[in-house]
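Some notes on the structure that comes next.
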Amino acid sequence: MRNLFDNLSRQSKRLIMVASDATLLPLALWLAVALRMGDWVPAFPDFYLLILLAPVVAIPVFVKLGLYRAITRYVEDKVLITIVQGVTLSVILLVFIAVVLLRIEGLPRSAMLIYWCIALIYIAGSRMLARAYLRSYNPQGKINRQAVAIYGAGKSGVKLAAALNTGCHFSVVAFIDDNVELQGSQISGVNVFAPKSLAKLFEQRSPKAVLLAIPSASRKRRSEIIAELGKYSVPVKSIPSMTELMNGQAKLDEIREVEIEDLLGRDAVQPVATLLTRCIKGKSVMVTGAGGSIGSELSRQILALQPTHLVLFEKSEFDLYQIEQELNATNAALGGMVKIISILGSVTHQHRVERVLQAFGVQTVYHAAAYKHVPLVEHNLIEGVINNVFGTWRTAAAAKNTGVETFVLVSTDKAVRPTNVMGASKRFSELVLQAFAREDNKTRYCMVRFGNVLGSSGSVVPLFKKQIAHGGPITVTHPEITRYFMTIPEAAGLVLQAGSMGKGGDVFVLDMGASVKIVDLARRMIKLSGLSVRDVSNPEGDIAIEFSGLRPGEKLYEELLIGDNVLGTEHPLIMRAEEVELPWTVLQEKLQIVDLACHQFDCEAVRKVLLEVVDGYAPTSGICDHVWEARRDHQ
C-alpha cells in the first residue's frame, strides 16, 4: 500500500487529498446539524443542498491558501494555522451563501459553530495522521531508524528533532538540557532529561548516538559536556555553530563529527579590528607558502580585509592552484575588489622574489613558507636548512631592497631550545630577522611563534581519525608527550594582529593555553567515536593505543620562551618575548659557512654551525640526512 502511494505522481496525491476533504467536510456538516437538532436525519428545506455546498465552498479556499501544495510527509505543525484560516473562511462563506444568497430556512446558527469545530478536527487530524503514517514508513525496508538523543532542548534542538523525524534514518528518543525548567517535561512527545540523569537515559532509551544542538554554547561548556558523554562510549555528533548558521554556511540538520576544538575546550578571543587591518587594508600584501596550512588561512583572512593586491607565492603548483581557485571564488562573491596574483617560485631565489615585490608594489609580507615536518626535516637536513634559513634570509633581503614596510615571519615553538633540525633552522631564521631589524633600513621585521595547529597537514588529529576508521591501533610516540594546540583560523588571525604591533626585531609568542597530553586526546577521540579503548583493564575494547617511541628530533614537551623575559601587548593572547640576539656580522659569517657546506653536502659542518648559533640546540640523535647516510655507507 505504501509503495503504491509513493509511486503515485504529485498530482495524483493532491487529488487524493481533495477527495478526502470532499468526503470529510459534508460528513462534518451533517454531524454538526444532527448533533444540534438531535436528529440523525435533519428535516429542513435544502439540507442536502447545504451538504453539497460545504466542499464546493471550502476546497477553492484551501487551494487558494496553498493547503494542497504542502508535502504531507514533511508538513510542519504551523500548517495548523493555515487549516484554521481555511476552515474559518470557508464557514463564513458557506453561511453567507446559505443565509443571504439562498435564504435557506430552518438552519440553526449554532450548528455552523459546531461544524467549524468538527471540520477543524477532521481536516487537521487527517493530515496529522497521514504525516505520522508516512513518517513511520521506511522505504528502504531493511534499515531501522537509529535511536538518538539530542543535547539541547532549545529552538535548535526542537528544529533538529523535527528535521530528523521527517527522514527515515533517525528517531529522537530523548532530549537532554541544562535548563531546570525544561527537565522532566515533554517536547513533541519526547522526554527531557537532566544531565545528571544520563545513566538512567542510556539504560531506558539506549540511544545509539548523541547529537549536540547547542550552537551558541561556549567551547569550554561543549568540552565539559563531551567529557561527560564520553563515559558512556556513545558516538557524539554535532550541528553547525551559530556563526555558520547565521552566515548561511550550513544548515541546521547537517550532522557532523564533533570538532576537535571542542575537545580542547578553548574559546577563541575576538580579534582587535584595528590590529587586523593596520598592515592589510588598502595595501599590497604577499603571502609566501600560500598553499600550506597556515599560508592558505592567512590568505583567506587577508582577502576579507580588503587589500588592493594579494600575491600568492608558492612552490607547489597543485597547492597554488587549489588556493587560487578558492580565493577567486570568494573574491567574486565579495565584489571582486582585490587583485589576486598567483606566483610559482621558491623563496630561496632572491632575485625572483625581488622582481615580484617590485612588480606589485608589495608593502606587507607574511613569510609562511617553510618545511615544518620534524622527522622529514631531520632526515633531509640540507634541504630543511636551505628552505627554512636561506629562504627566510633571501626573502627578508628582497623585502629590504624593495622597501617593503612590514615583514612577518611565521615561526614555531620548536625554535625554543630545539632538539631537531626544523626547530634549530627556525630559530636561526629568527636570529636573521632580529639582525636585519637592527640594521638601518625602512622595513619592520617581526616574528610570531606558536605551537601546533589543528587540522594542518602534520597534525595528529587527521591521523588518529584515519586510524580509528580502520579499526586501530592508534599510534602515539610516548605516553607522556604533550603539545600546545590552536585552530588554524585563530593562529592565522593572531599572526595578522601580532604583525601590526611589531616595532622591529620583535619576537611575539601566542598564548596557546594549557598543553594537551596526546594520549588523552587519543582516548577521547576513541570514546567520541562510540568505541572503547582496548588495554590491560579492558582487553575486549575496540581500539588499542600503541606507543612507537619518540621520532628523531622529537621531544616530550614544547616551550614557547627561551628566557623568562616576556611583556604583554595590546592583545591578551599575544606576548612580546625578549630573546638573545646576534649581530649581523657574526651571522653573515656563519651563513656563508653553511652556504658552502650545503653546496658541498657537508652535513657535519651544517650541524656544527647550528650548534654554535642556536642557543640551547641539543640534538637527540646523530646526523640522519638520508642522502648523507647513503653516501657515507657507500664509501
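Observations, loosely collected:
- Value of Rg to Rh for the stretch 161-207 (Rh from inverse mean 1/r over Cα pairs, i.e. Kirkwood): 0.98
- Once the C-beta distance of residue 110 and residue 206 is scaled by a Förster radius of 35 Å, the resulting FRET efficiency is 0.10 to the nearest 0.05.
- The shape of the stretch 365-487 can be summarised by an equivalent ellipsoid whose semi-axes, obtained from the alpha carbon gyration tensor, come to 33, 14, 12 Å from longest to shortest.
- Stretching the chain fully between residue 470 and residue 274 yields a gain of 65.9 nm (0.36 nm per residue, less the alpha carbon separation).
- With the highest mean first, a sort of the peptides 527-539, 205-217 on other beta-carbon atoms found within 10 angstrom per residue produces 205-217, 527-539.
- Amide H partners (placed H, <5 Å) of residue 547, local residues excluded: 476
- Here the residues 584, 393, 40, ranked from fewest to most Cβ neighbours within 10 Å of their Cβ, fall in the order 40, 584, 393.
- Sorted fewest first by neighbouring Cβ atoms within 10 angstrom, 431, 102 come out as 102, 431.
- When peptides 289-295, 468-474 are sorted by average Cβ neighbour count within 10 Å, with the highest value leading, the order is 289-295, 468-474.
- Listed by chain and number, the lysines whose alpha-carbon sits under 18 Å from that of residue 200, ignoring those within fewer than 8 places in the same chain, are 208, 231.
- The 3J(HN,Hα) values that the Karplus relation (6.51, -1.76, 1.60; θ = phi - 60°) gives for the stretch 55-63 are, in residue order, x, 4, 7, 6, 4, x, 5, 4, 4 Hz. Gly and Pro appear as x.
- Going from the fewest other Cβ atoms within 10 Å to the most, the residues 613, 389 appear in the order 613, 389.
- Placing pseudo-labels 7 Å out from each Cα toward the beta carbon at residue 405 and residue 580 gives an inter-label distance of 3.6 nm.
- With a Förster radius of 25 Å applied to the beta-carbon distance between residue 535 and residue 199, the computed FRET efficiency rounds to 0.60.
- When every Cα-Cα distance of the stretch 187-243 is counted in 10 angstrom steps from zero, the calculated P(r) takes the values 19, 55, 25, 1 percent.
- Residues whose amide H falls under 5 Å from that of residue 340, counting only those 5 or more places apart or on a different chain, are 310, with hydrogens built in the peptide plane.
Every number here is computed from the coordinates shown, using simple stated rules; none is lab data. These numbers were taken from a predicted model, which means no experiment stands behind them. Note that each Cβ is placed from the backbone with ideal geometry, even for glycine, and that neighbours are counted across all protein chains shown.
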